[in-house]
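Student: Structure provided below as structure tokens; questions to follow.
The values are calculated or read from the model by the stated rules, or taken from the named source; none is laboratory data. Note that this is a predicted model, so its numbers are computed, not measured. Heads up, the Cβs are rebuilt from the backbone with ideal geometry, glycines too, and the neighbour counts pull from every protein chain shown. In case anyone asks, the SASA skips ligands and DNA or RNA and just uses the protein heavy atoms, side chains included. Shrake-Rupley method; radii C 1.70, N 1.55, O 1.52, S 1.80 Å.
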Amino acid sequence: MTDLPEIVDSHCHLDFPDFDGELPDVIARAQAAGVTRMVTICTRLRNVAQVQAIAEAHEPVFWAAGTHPMSVAEEPMATFDELVALAQHPKFVGIGETGLDYHYTAESAEKQQDSLRIHIAAARETGLPLIIHSRDADEDMARILSEEHAKGAYSCVMHCFSSSRKLAETALGLGFYLSMSGITAFPKSGDLRDIFSAAPIDRILVETDSPYLAPPPFRGKRNEPAYTAHTATRAAETFGVTVPEFFAQTTANFDRLFSKAVANQKAA
């Protein structure tokens, strides 16, 4: 797939043990597949130094950080000041991932909501996009995003979106973006593809969420940023456009939302 045009993996986890000892090769394969930039996500603030170091060591890699909702009960609550301070790093481009997950960790729902609001405040303050994880929490998610947006605008991407049409419509109505993961390329994900196909194409991003959710033909194996191209190729069919058109559009969308990454590259 080396002849594909440029694309961005807007969400991956390069600090996870799955990539230990292989990062240079993983990043090289991504670039060979046309993936020119990657955003690696720190999900626990105690791992900030490791994630920051990856971004500093590899020119195509940017980073974001927050407390994952599934970790809120066992991690110290991220503070507004901590998140705003992290945003001073030149390659730090987003706040999160944060959000709500009631599938496995519903018992910490109230604490997750408090954490989410802190991250939203930091996104609003810094002007960086909020990165949202949402699972089995559509009603509360739509309510909190809307309530907070009414207090002051902020930008946001619904990462690895696989929730309801109603939540998609709420997010899009607030001016947010939806991100397509390998799930959207699975044969039985027709209903999810229908939700995406109804969205404006200028509000769509692509991601791997690697090492998870590898798209066909790699499903069941470790995912990696190079496979963004496979998800995006299937996604082009969903939107009825050519592969080069979809790659170019989602790259432009990324540049618009993650504008700090563009500014960093121009300054480099």
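Student: What pairs come out if I take residues in segment 122-133 that are closer than 11 Å to residue 83 by Cα and at pLDDT 95 or above and pair them with residues that are open to solvent by 10 Å² or more (accessible area, probe 1.4 Å) and not in a loop (DSSP other than H, G, I, E, B) whose C-beta lies under 7 Å away, six or more apart or interchain?
Tutor: Pairs that qualify, where the first residue is closer than 11 Å to residue 83 by Cα and at pLDDT 95 or above and the partner is open to solvent by 10 Å² or more (accessible area, probe 1.4 Å) and not in a loop (DSSP other than H, G, I, E, B), are 122/80; 122/84; 125/84; 126/84; 128/260.
Student: Quick one: residue 92 ticks every box in (1) within 18 Å of residue 48 (Cα to Cα); (2) more than 17 Å from the chain's Cα centre (by Cα) bar one, so which box is it?
Tutor: So residue 92 meets the others, but not (2).
Student: Of the conditions (1) modelled with pLDDT of 95 or more; (2) more than 30 Å from residue 241 (Cβ to Cβ), residue 104 satisfies every one except a single condition; which number is it?
Tutor: (1)
Student: Can you tell which of 100, 83 is under 18 Å from the mean Cα position of the chain (by Cα), part of a strand (DSSP E or B), closer than 27 Å to residue 140 by Cα and not charged (D, E, K, R)?
Tutor: Numbers: 83 fails: part of a strand (DSSP E or B).
Matching residue, one of 100, 83: 100.
Student: Please pick out the residue among 118, 132 that is surrounded by 24 or more Cβ atoms within 10 Å (Cβ to Cβ), at negative phi and not charged (D, E, K, R).
Tutor: Numbers: 118 fails: surrounded by 24 or more Cβ atoms within 10 Å (Cβ to Cβ).
One residue alone meets the criteria, 132.
Student: Among the residues of segment 169-190, what is the count of those that are farther than 19 Å from residue 258 by Cβ and surrounded by fewer than 22 Cβ atoms within 10 Å (Cβ to Cβ)?
Tutor: Restricting attention to segment 169-190, the residues satisfying the condition of being farther than 19 Å from residue 258 by Cβ are 169-170, 173, 182-190.
Right, trim to surrounded by fewer than 22 Cβ atoms within 10 Å (Cβ to Cβ) and you get 169-170, 173, 183, 186-190.
Number of matching residues: 9.
Student: Kindly evaluate residue 148 against the criterion of being charged (D, E, K, R), open to solvent by less than 20 Å² (accessible area, probe 1.4 Å) and more than 19 Å from the chain's Cα centre (by Cα).
Tutor: Working: charged (D, E, K, R): yes; open to solvent by less than 20 Å² (accessible area, probe 1.4 Å): yes; more than 19 Å from the chain's Cα centre (by Cα): yes.
Answer is yes for this residue.
Student: Moving on. Considering only segment 92-112, state which residues are hydrophobic (A, V, I, L, M, F, W, C) and buried (at least 24 other Cβ atoms within 10 Å of the Cβ). Walk me through how you get there before you give the answer.
Tutor: Of the residues in segment 92-112, the ones hydrophobic (A, V, I, L, M, F, W, C) are 92-93, 95, 100, 106, 109.
Selection gives 92, 93, 95, 100.
Student: Here is a further query. Cβ contacts < 6 Å: first residue over 12 Å from residue 206 (Cα atoms) and open to solvent by 40 Å² or more (accessible area, probe 1.4 Å), restricted to segment 237-264; second residue part of a helix (DSSP H, G or I) and at pLDDT below 95, any location; separation 6+ or different chain. Result?
Tutor: Pairs found: 255/262.
Student: Separate question: Checking the structure you have, find out if any residue of segment 58-69 is within 17 Å of the chain's Cα centre (by Cα), part of a helix (DSSP H, G or I) and touching a residue at least 40 places away in the same chain (Cβ under 8 Å).
Tutor: Taking segment 58-69 and keeping what is within 17 Å of the chain's Cα centre (by Cα), we get 60-69.
Filter once more, keeping what is part of a helix (DSSP H, G or I): 69.
This time we only want the ones that are touching a residue at least 40 places away in the same chain (Cβ under 8 Å), so: 69.
Yes: one or more hits.
Student: Give me the pairs: first residue in segment 185-198 and over 21 Å from residue 172 (Cα atoms) and of a type in the set (A, V, I, L, M), second residue open to solvent by less than 20 Å² (accessible area, probe 1.4 Å) and in a helix (DSSP H, G or I), beta-carbon distance under 7 Å, and six or more apart or on different chains, which are they?
Tutor: Pairs that qualify, where the first residue is over 21 Å from residue 172 (Cα atoms) and of a type in the set (A, V, I, L, M) and the partner is open to solvent by less than 20 Å² (accessible area, probe 1.4 Å) and in a helix (DSSP H, G or I), are 185/231.
Student: Ok, one more. If you check residue 45 against the conditions, is it more than 20 Å from residue 182 (Cβ to Cβ) and surrounded by 19 or more Cβ atoms within 10 Å (Cβ to Cβ)? Before you say what the answer is, go through the steps one by one.
Tutor: Numbers: more than 20 Å from residue 182 (Cβ to Cβ): yes; surrounded by 19 or more Cβ atoms within 10 Å (Cβ to Cβ): yes.
For residue 45, the condition - more than 20 Å from residue 182 (Cβ to Cβ) and surrounded by 19 or more Cβ atoms within 10 Å (Cβ to Cβ) - is met.
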